[in-house]
1. So how tilted is helix 128-144 from the main axis of the chain? Cα-based, degrees 0 to 90, rounded to 10.
2. Under the classification rounded if a/c is under 1.5, otherwise prolate if a/b is larger than b/c and oblate if not, where does the stretch 145-202 fall, given a ≥ b ≥ c as square roots of the Cα gyration tensor eigenvalues?
3. Based on the alpha-carbon gyration tensor of the stretch 1-142, what equivalent-ellipsoid semi-axes (square roots of 5 times the eigenvalues) come out, in whole Å, largest first?
4. Using a 1.4 angstrom probe on heavy atoms only, work out the carbon and sulfur share of the accessible area of the stretch 60-202 in %.
5. Excluding ASN121 itself, calculate the net charge of residues whose Cβ lies under 15 Å from the Cβ of ASN121, where each Lys or Arg counts +1 and each Asp or Glu counts -1.
6. What number, rounded to the nearest 500 deg cm²/dmol, is the helix-based mean residue ellipticity at 222 nm of the chain, given -39500 (n - 2.57) per DSSP H run of at least four residues and division by all its residues?
7. Counting only the backbone N, which residues of the stretch 140-168 are under 18 Å from the spot 7 Å out from the Cα of LYS12 toward its beta-carbon?
8. Need the full-extension length gain, LYS45 to GLU125, defined as separation in residues times 0.36 nm minus the C-alpha distance. One decimal, nm.
Amino acid sequence: MAYSDFTFVKLKQKFDIQQRGISLFKKEKIDLITPSEGLQKYIDKGRAMPLQSEKAKSEALIFPIIRELKDLNENISIFSGYPFNIDSNSELNGAPDFMISAQPEIVEPQSPIFCLVEKKNKTPEDGFAQCAAEMYAARLFNQQNNDPHEIIYGAVTNGYDWVFLKLEANFVFVDTDRYFINELPKLLGILQFIIDQTVYVK
């Protein structure tokens, strides 16, 4: 079974992973991050284009934000579309759209993988279970590599709306708040907060 075939029912049946809705960052101090001039111009041009496919939205709206994270954090590595087949017996197979590792300048994923970003063409809800399965696989990957990093974050976006997820223990917490492309400082602040939890607090 590919990651995209998972539902929350299947995640509970196979791995006892349950879903909960919660405001993930309501009690956290999130610093706003001013986007670079280059990112703002790129996003403004992207929003003015008729983006009708996942690929177009990824290239015009999503990847530029992911690339900005790398520019701000040289001690992370980002992988796009890299095969991430953890265990054929547990059917955790596929290629997440983006994975972030707390390791600098590596050519293949190494632990800890701590955040995954999944793109969808229509609504973020279409990718919640898929992203949750990828997050669970990332935790297994970390454990297999003797890096028991237990809290994994994820995000699902259609380029315009971003919804964040958090895997902790046997629960996937889906954020009840949304973040939007026209609020780049807040969106970048959330992504930087997630990076800080792993890269700088170990």
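The values are calculated or read from the model by the stated rules, or taken from the named source; none is laboratory data. The structure presented is a predicted model; accordingly, all values stated were derived computationally and were not measured. Cβ atoms come from the backbone with ideal geometry, glycine included; neighbour counts cover every protein chain shown. Surface accessibility is based on the protein's heavy atoms, side chains included, excluding ligands, DNA and RNA. Shrake-Rupley method; radii C 1.70, N 1.55, O 1.52, S 1.80 Å.
1. 60 degrees
2. It is oblate, given that a/c is not under 1.5 and a/b is not larger than b/c.
3. Largest first, the stretch 1-142 gives 27, 18, 17 Å.
4. So the carbon and sulfur contribution to the accessible surface is 47 percent.
5. -2
6. -10000 deg cm²/dmol
7. Those under the cut-off are 166-168.
8. 26.2 nm
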